[in-house]
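For reference, the structure discussed in these notes is given below.
Laboratory data are not the source of any read-out in this text; all were calculated from the coordinates shown. Computed from a predicted structure; not experimentally measured. Ideal geometry is used to build each Cβ from the backbone, glycine not excepted, and the neighbour counts take in all protein chains shown.
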Amino acid sequence: DMKPFFDLKKRSAEQCRQKSEISFKAMDCISNGDIIGIDAGSTAVLFAEALKEHFSRLTVITHSLDVFRILCDCEGFSLILCGGHYLREEHAFFGALTLDMLKNLHMQKAFVFPSALSLEYGICDYQEDLYPIQKQLIQSSDDIFVLADSSKFGQVRPGYFAELEEIDEIVTDDGLS
């Protein structure tokens with residue numbers, strides 16, 4: 001089932017309650033002092049806001065300009081922004097430079113926000129420039145957490161980037177049977 005894909009601004013207004021709910025739920029997966037990787041996307045913004053409220057010490061690695069902007073004033077947070085080519089409609093960096101940085105970093109936990117999950121096709125995204133970045137976040141991390149609201153389940157997108165077996169935990173809302 002292919003729903004139309006919208007840019008970040010429009011997606012930010014969709015499923016807002018659910019995205020906020022799963023972001024707060026995911027705080028239970030993190031401890032002060034953790035080294036975490038954070039993907040880009042509309043859920044990433046709410047996730048970063050939740051981090052700011054819940055933690056005083058974290059090392060955050062991200063390719064999302066929004067996540068960086070939200071957390072850059074948190075004194076106890078150490079931030080690493082993986083730059084490179086800038087994908088304006090996603091407020092995120094991508095490409096060989098971004099990948100090279102991520103390959104040289106290690107995270108305890110990565111938080112990934114795909115646009116689709118399916119039992120048959122795994123974890124997918126719409127934005128092909130970002131698949132390699134999402135794949136690398138998964139490879140550079142010990143534990144992988146996927147945050148996806150219930151509307152993303154059973155969906156298929158052109159870009160597959162992970163098998164469900166690679167994921168340690170999926171955090172979603174109560175909209176699933």
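Rounded to the nearest 5, what is the percent of antiparallel bridges among the DSSP beta bridges in the chain?
Values: 10 of 31 bridges.
If we restrict to bridges inside the chain, about 30 percent are antiparallel.
Which value results for Rg/Rh of the chain when Rg is the Cα radius of gyration and Rh the Kirkwood radius based on the inverse mean 1/r? Numbers along the way, then the final one.
Values: Rg = 14.7 Å, Rh = 15.9 Å.
Computed over Cα atoms, the ratio is 0.92.
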Those residues of the stretch 102-139 whose amide nitrogen sits under 18 Å from the label point placed on Glu163, 7 Å along Cα→Cβ: 117-125, 135-139
Residues whose placed amide H lies under 5 Å from that of Asp143, excluding near-sequence neighbours: Lys109, Ala110
Pair Cys72, Glu120: separation of 7 Å Cα→Cβ label points (nm): 4.4
Scattering curve values for the stretch 36-104, log₁₀ I(q)/I(0), Debye with Cα scatterers, q = 0.20, 0.24 Å⁻¹: -0.75, -1.02
In sequence order, calculated HN-Hα J values of the stretch 60-71 (Karplus, 6.51, -1.76, 1.60; Hz; x Gly/Pro): 10, 10, 8, 10, 9, 5, 5, 4, 4, 4, 5, 9
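For Cys16 and Phe153, what is the calculated FRET efficiency with R₀ set at 22 Å and r taken between the beta-carbons, to the nearest 0.05?
For R0 = 22 Å, the calculated efficiency reads 0.80.
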Spin-label proximity, Asp142 to the stretch 38-60 - amide N less than 14 Å from point 7 Å beyond Cα toward beta carbon: 59
Note, ³J(HN,Hα) from phi for the stretch 15-22, Karplus 6.51, -1.76, 1.60, rounded to Hz, x at Gly and Pro: 6, 4, 4, 5, 5, 5, 4, 6
Student exercise, the stretch 33-116 dipole from Lys, Arg, Asp, Glu Cβ charges, in Debye to nearest 20: 180
Amide H partners (placed H, <5 Å) of Leu58, local residues excluded: Gly33, Phe77, Ser78
Span from the the stretch 27-70 Cα centroid across to the the stretch 105-162 one, whole angstrom: 16
Gyration tensor verdict on the stretch 58-160 (Cα atoms; rounded if a/c is under 1.5, prolate if a/b is larger than b/c, oblate otherwise): prolate
